[in-house]
Amino acid sequence: MGFLWWVTGLSGALVMMIEILGSRVVGPYYGVGLYVWTSLITVTLLALAGGYLLGGRLADRGEAEQVLGWPLLLAGGLVLGLPLWKGVVLSASHFLGLRLGALMSTLALFGPPLVALGCVTPLIVKIAAPERERLGRVVGGLTAISTLGSVAGTVATGFFLIPAFGVERIFQLGGTLLVLLGVACLWRARRSTARLTFALLAVPGWLAGEEPVAFTLSDGSGVRVVESRHSFYGHIKVVDVENGADRQRLLLIDGLNQGGVEPGGLSVTTYPYFLCFLSELIAPSAADALVIGLGAGLVPRCLEKNRIAVEVVEIDPVIVELAARHFAFRPDQRVHLADARHFLASGKGRYDLVVMDAFSGETTPGHLLDREAMGLVKARLRPGGVFFMNLIGTLRPGHPMVPSVLHTLRRVFDQVEVVPLFDAEDTSIGNVIVMAYDGPLREPDHALVNGRPVHGNALEIVNRFLARRYHFPPGVPALLLTDDYSPLEFHDAWAKEELRKRLMASELVQALYRFTRFTRQEASL
């Protein structure tokens, strides 16, 4: 019975491992948001239900002990093969759109191994309780063991395995463990074919070795993945793109560009210029700043050039490591590895500026946008201090995300100003810079930043929009966001879908995720 308990517990752990890792496989293509997690949970439940039905039928045909190893072997082989065909499945599903594409790719990739794992429990019940008198006790015990295994698999995968290993390595380890369990079950049942099955199924996963990624886009741009890392918060890539004299290094998190630089270190991304220049215009005497969200470290670097002492709050240690290694972020700079909301609530320091540039996937985390969070921000500001925020949003009517953030900020600060980085008539989405402070409205002297170096990619946007302010017309629907009521995940779902559609249409993103194996490389831009 002890052996069967181990099989049950490990199977439960590996179910949760597959589900959690699924977000790291599908997330870079479809985002780690509501649609992806809904797809993963739906597919997991459906696949397990199908596996329970199939396993029950197999158990009633007799010789359950002889059959038990085969679902484990099948699940192991499928898991080992995931790194080989995930790029093909994701690329083939993008035409379905964000919702259906996320669901169908999840079903294709993870449905089959989860169905196989669902077969395990009915077979074990049949083996462990041949007599009906013991059925209730056996089923209860096995269900408890499976659930405890799922808890262990969830904690181990989320807290330890993902931060320590690449996703493909974890799949290889999990797939190999399943194969070994299947082999053990077949050996226990005296099936001599186990050795050959193990060899045939183990080879594909371990042949999925690491190799560098370099390719050319249709416009002639050369692309090279400098480093590819998985963290608990996303799939992070540092990518060099070169087209003639134009050379850029980009930081991509789940396919989204979080910042880029040219060889001289000048930002090719637009929004850091606005955060940096506006801070100098609105608070020219600022001496220190708290930056929430590091990214490639472009905003802290720009503020430091203005002789502002900067502290950074970043939740992902991998981001800090890559920003220092590839984007000249100083590793000796003061960085707090913490959730921003927790840091704001527990920190004691006060600053002249607080700059929020934090994103979870495509949008700012909701717990950083409500009234309580804004109150914590204000408590960290000195008198006369200014709060800046970089949002992704739209000005089009009927979408309350940006108006709701502004409405909430006005409950906390006297003045709230909006600087969109696109025309008000533009119906798409883009960066929106928000400024909030107490006291009278400030009239900046824009001559202070004239002549500052700006990359050509961003120059037109900076010249057109830096001095503009946008005012929503009266009566625009807006919500007061609180800890009790903050439905932005629902209202903002369209924005995530819009951004993911753009990404799925991007040749660069499609090419990056068509390749499945990466190596860590050190390189100079």
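Counted as qualifying within the range 226-326 are the helices (runs of 4 or more DSSP H) with 3 or more residues that are assigned by TED's automatic domain parsing to the domain that holds A458 and β-branched (V, I, T), namely 317-326. Restricting attention to the range 312-332 and to residues that are buried (at least 19 other Cβ atoms within 10 Å of the Cβ) and within 16 Å of L290 (Cα to Cα), the residue that is modelled with the lowest pLDDT turns out to be F329.
When the range 118-157 is limited to residues that are surrounded by fewer than 17 Cβ atoms within 10 Å (Cβ to Cβ) and assigned to a loop (DSSP other than H, G, I, E, B), the one that is nearest to the chain's Cα centre (by Cα) turns out to be P130.
Please find, within the range 333-349, the residue that is modelled with the lowest pLDDT out of those that are small (G, A, S) and under 17 Å from L381 (Cα atoms). Once the filter is applied, the top-ranked residue is G347. A residue that is in a helix (DSSP H, G or I), farther than 21 Å from G175 by Cα and touching a residue at least 24 places away in the same chain (Cβ under 8 Å) occurs somewhere in the range 71-92. Answer yes if at least one residue in the range 18-35 is assigned by TED's automatic domain parsing to the domain that holds I127 and closer than 21 Å to V183 by Cβ, and no otherwise. Scanning the range 18-35, I find at least one residue that is assigned by TED's automatic domain parsing to the domain that holds I127 and closer than 21 Å to V183 by Cβ, so the answer is yes.
Residue-level check: of (1) within 18 Å of the chain's Cα centre (by Cα); (2) under 30 Å from F422 (Cβ atoms), L337 misses just (2). Residues of the range 344-370 that are surrounded by fewer than 18 Cβ atoms within 10 Å (Cβ to Cβ), assigned to a helix (DSSP H, G or I) and in contact (Cβ under 8 Å) with a residue 24 or more places away in the chain: A345, G366, H367.
Filtering the range 417-441 to residues that are over 17 Å from N463 (Cβ atoms) and part of a strand (DSSP E or B) leaves E417, V418, V432, V434, M435, A436, Y437.
Inspect all residues belonging to the range 298-313 and state whether any of them is among the acidic types (D, E), out of contact with any Phe, Trp or Tyr (no Cβ under 9 Å at 6 or more places or on another chain) and farther than 26 Å from R229 by Cα. Within the range 298-313, one or more residues are among the acidic types (D, E), out of contact with any Phe, Trp or Tyr (no Cβ under 9 Å at 6 or more places or on another chain) and farther than 26 Å from R229 by Cα.
Cβ separations smaller than 9 Å between residues 6+ apart or across chains give the following pairs from the range 100-122 residues that are under 13 Å from L46 (Cα atoms) and touching a residue at least 12 places away in the same chain (Cβ under 8 Å) to residues that are surrounded by 21 or more Cβ atoms within 10 Å (Cβ to Cβ) and of a type in the set (D, E, K, R): F110/E19; L114/E19.
The values are calculated or read from the model by the stated rules, or taken from the named source; none is laboratory data. Owing to the predicted nature of the structure, the values given are computational and were not obtained by experimental measurement. Cβ atoms come from the backbone with ideal geometry, glycine included; neighbour counts cover every protein chain shown.
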